[in-house]
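None of the figures in this text is laboratory data; all of them are computed from the coordinates on show. Computed from a predicted structure; not experimentally measured. Glycine gets a Cβ as well: all are built from the backbone with ideal geometry, and neighbour counts include every protein chain shown.
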Amino acid sequence: MRPGREDDLFAVLELWHAEVRAGRQDCVPGEAHMTKLLAGFDWGARSRMVEGANGVEAAVLVAGRPTPGGTVTQISVACERPALRNDLLRWGLDLSKAAGAVAAQVWSGRGHSDGLAELGAHYVRPWWRMDMDLTGALPNPQPVAGYVVRDGNQVAPGGWSEVHNRSFADHWRFSPRYEAELVTGRLPHLALMAITDKGGPAAVTLAHLESYAEDARPQPVGLVSSVGTVPEHRRRGLATWLVAEALRRLRKEGAASASLYVDGWNHTRAFDAYRKLGFELSFESEVWEATFQ
Ligand SMILES: CC(C)(COP(=O)(O)OP(=O)(O)OC[C@H]1O[C@@H](n2cnc3c(N)ncnc32)[C@H](O)[C@@H]1OP(=O)(O)O)[C@@H](O)C(=O)NCCC(=O)NCCS
């Protein structure tokens, strides 16, 4: 086992494809997501590669993100052999603990979480990917009286993180986002915000396009993310309106299908609204967590 390097990325992606084929992961992250994920990633400290006769045969990567309660890490392992897989998971858990994380998370396809309980992790929730075909009829965006929709060409800088963070403050394992993370590199007309006629921000939906190799979904895929409505404006149809609008814009941009991710125990039952719009559950991950404090 050796520390990883930036030029291991190609080998890691190959291993990730094998994880997807085995049902342990839902997809190989798309390029835009991967670039974001690995920006400034410290390969030497936060990854390990296992070399075999034919090159890298297993890998573990540990990413971290701040939450109000402390850093939460995400351990990603790509490995065919169960015993080695457990060793790599243990390495990731030990590193997370030593680095002062409050918790470490592991995401794996439903039914593929063998050994995690023995390593001290526990099942915390299902995480769903929901998909929708964009080649047929799309839901009509239904405007809500008293609100207008603005996009990234019309919203003042700083506006996105404020409405995003207020909408997600009560979400499980909420992690505040900076403005740059939310808007950098995003097509401005795929960032949508509902505001009141007095100019108060009420809801947000962000979207972007991704292309996935060796993937069953019609490509490219429109990713819908950060669907949030601030609490005092909920249950008026704002999220449904913004997501329906985002789907139209994604299709216009060339997307043939759409995907989003949602907590399967989401207390605001976001998945119900997504189902009504035409999304269907396509992949269930299990989220396991080890807590250290
Ligand atoms: C999930 C969330 C985005 C929904 O936002 P919203 O603006 O309240 O969504 P909508 O009003 O479009 O739809 C929500 C429900 O209200 C209902 N609704 C819409 N207009 C309504 C009205 N005028 N009166 C009563 N109910 C109404 C919808 O039918 C929908 O019902 P359903 O949950 O049974 O499908 C919001 O609760 C939220 O921000 N939650 C926290 C962040 C989060 O979890 N985001 C999802 C991440 S994947």
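Here are a few things to note about the model shown:
- The Rg/Rh ratio for region 131-284 is 0.94, where Rg is the radius of gyration of the alpha carbons and Rh is the Kirkwood radius.
- When the inverse distances between all different Cα atoms of region 213-272 are averaged and flipped, the Kirkwood radius reads 12.9 angstrom.
- Each of Val106, Val224 was scored by other Cβ atoms within 10 Å of its Cβ. Arranged with the fewest first, they read Val106, Val224.
- Rh (Kirkwood; distinct C-alpha pairs) - region 15-125, Å: 14.6 Å
- Kirkwood hydrodynamic radius of region 3-75, from inverse mean 1/r over distinct Cα pairs, in Å: 13.3 Å
- Ranked list, fewest to most other Cβ atoms within 10 Å of each Cβ, for Phe174, Phe271: Phe174, Phe271
- Length released on extending from Arg235 to Ser175, taking residue separation times 0.36 nm less the Cα-Cα span: 19.3 nm
- Enclosing the Cα atoms of region 155-240 in their convex hull gives a volume equal to 128 cubic angstrom per residue.
- Evaluated over the Cα positions of region 85-127, the convex hull gives a direction-averaged projected area, one quarter of its surface, of 3.1 nm².
- Highest-first arrangement of 34-42, 60-68, 139-147, 195-203, where packing means the average Cβ count within 10 Å: 60-68, 195-203, 139-147, 34-42
- Each peptide in 11-17, 128-134 was scored by the mean count of other Cβ atoms within 10 Å over its residues; highest first, the order is 128-134, 11-17.
- Long hydrophobic helices in the chain: the complete DSSP H runs spanning 15 Å or more by Cα along their own axis with mean Kyte-Doolittle hydropathy of at least -1.0 are 9-21, 82-98, 238-252.
- Ellipsoid semi-axes for the chain, based on the Cα gyration tensor and the rule √(5λ), read 34, 21, 18 Å when sorted largest first.
- Fewest-first sequence of Ser113, Ser259 by Cβ atoms within 10 Å of each Cβ: Ser113, Ser259
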